[in-house]
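Written out below as structure tokens is the structure these notes cover.
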Amino acid sequence: DTAAALAALRRATVLVGTIRLAGFCQPLPCDAYIWPTARSYTRESLAELHLPGSPPLAAAVVEAVCAAGARVARPGEFTMRAFLAGRLDLTQAEAVLGVIDATERSALNVALTQLAGGLSGPLRALRDDLVELLALLEAGLDFAEEDIEFVSRDEVCRRLEHAARAVAELQRGLRQRWRSDALVRVVLHGRPNVGKSSLFNALIGDVDVAITSEEAGTTRDYLTATLRLDDIACQIVDTAGRGETTVGETEVAGGAGDDAINRAADAKSAAQAGTADVELFCLDASRHPDAWEREQLRAAPASPRVVVLTKCDLSPASDYTELLAGTDTWVATSSTSGLGLDRLRAEVRRRVVVDATEAAGVVGSTAARCGESLRLACESLERAAALAAEGGEELVAAEIRAGLDALGEVVGAVYTDDVLERIFSRFCIGK
């Protein structure tokens, strides 16, 4: 009996056999990899079916097993189960997504290091030391009337100062790109009247923030707003148009008296572009690019750049494919129809995450999530060290507990359902 034989398995096993499917005239080769114990990825009983590489065959098998009572896994469900079972902590779960999303070798190496415990290992050792120190302090409080010293004041100060330095060092690494006091800057850059303000409004979902007009040169100063990209908040900047006072046949300014204003607006736009963490270089797809725009495309950008073709709902003036052949990333968009806006948001998020990953040495989503928790942990441990130098073990213990809670949020020892939803909903189906 096959069911009885499977129930009797006590170790990982590979069963070589065939599978019969409705609509297929012959049985097909199929190997079953079975983990009957807690040694699987999710620490639950698990089986994998290994089949010949064929999308129609895979679809037929999924249909058959669902008809037999199974269901398709939700996005990130396997990794969430592994996290909830203690196989992974939250930083390692985010590293799984980092491996999936990696488009460059450096980002892949960072994600693999984090998945192997490169971040959670030091944090686990730090938390274990703080838990032990807290236990010694609370034991001393329980026996306050006895002449017993479980841990000396000097040792408490030393261990707390070491812990505070370790957290501060990690926090400084993450803040290279993910600072709590300054959002990542995404700057719209390009000629007058190429649709930057309309794109700005469309990306943030508010049509009234930036004034738009058919007349070029409407934007003379720069505007800022918060752009949310899933779990990441950015500062998006709409700048005045760059370059000459006319573009094609359209005048940017009314007369010579506006020259000083034009020059000031141009200087401000250039300054904002120079501070960009990600630059969105906008080209109007309804007209031919001019010499300045071609020069900008040939020049190496000072920051990660995404070329944005705007007004793609209008008749294209030329085929941009050849012009953009050497450009890493370009996205066709329309602020009117919404064409390409979701893809542009995803591309900006990817560039921000890759940049932060390389700068901080951790997966970008981890860096974005953990900044505030690490700041709170560092502040609590610094206060605990200062209090320990003066005495007052009860207050020291309270600050250590607060620090442990903040560090627990980083590794997932302390979490809420909405945090898990934000993290695992971005995974592909199943994994």
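Could you rank the peptides 198-205, 13-20, 125-132, 333-340 by their average count of other C-beta atoms within 10 Å per residue, with the highest value first?
Numbers: 198-205: 20.8, 13-20: 11.9, 125-132: 15.2, 333-340: 17.9.
Ranked by mean Cβ neighbours within 10 Å, highest first: 198-205, 333-340, 125-132, 13-20.
Can you tell me the accessible area per residue over segment 16-146, all protein chains present, probe 1.4 angstrom, in square angstrom? Working shown, then result.
Working: 7550 Å² over 131 residues.
On a per-residue basis, 58 Å².
Calculate what fraction, in whole %, of the accessible area of segment 1-123 sits on carbon and sulfur atoms when a 1.4 Å probe is rolled over the protein chains. Each step should come with its number before you reach the end.
Details: 4370 of 7330 Å².
Within segment 1-123, the accessible surface is 60 percent carbon and sulfur.
Given axes a ≥ b ≥ c from the Cα gyration tensor, I'd like to know whether segment 51-124 is rounded (a/c under 1.5), prolate (a/b larger than b/c) or oblate.
Values: a/c = 3.95, a/b = 1.79, b/c = 2.21.
It comes out oblate by the Cα gyration axes.
Counting only protein heavy atoms, what percent of the accessible surface of segment 291-353 is carbon or sulfur at a 1.4 Å probe? Intermediate results must be reported in sequence, preceding the final value.
Working: 1670 of 3360 Å².
That fraction is 50 percent.
Based on the mean of other beta carbon atoms within 10 Å per residue, what is the order of 28-40, 384-396, most packed first?
384-396, 28-40
The values are calculated or read from the model by the stated rules, or taken from the named source; none is laboratory data. Bear in mind the structure is a predicted one, so any value in this text is a computation, not a measurement. Neighbour counts run over all protein chains shown; Cβ positions are idealised from the backbone, glycine included. Side chains included, ligands, DNA and RNA excluded: accessible areas come from the protein's heavy atoms. Shrake-Rupley method; radii C 1.70, N 1.55, O 1.52, S 1.80 Å.
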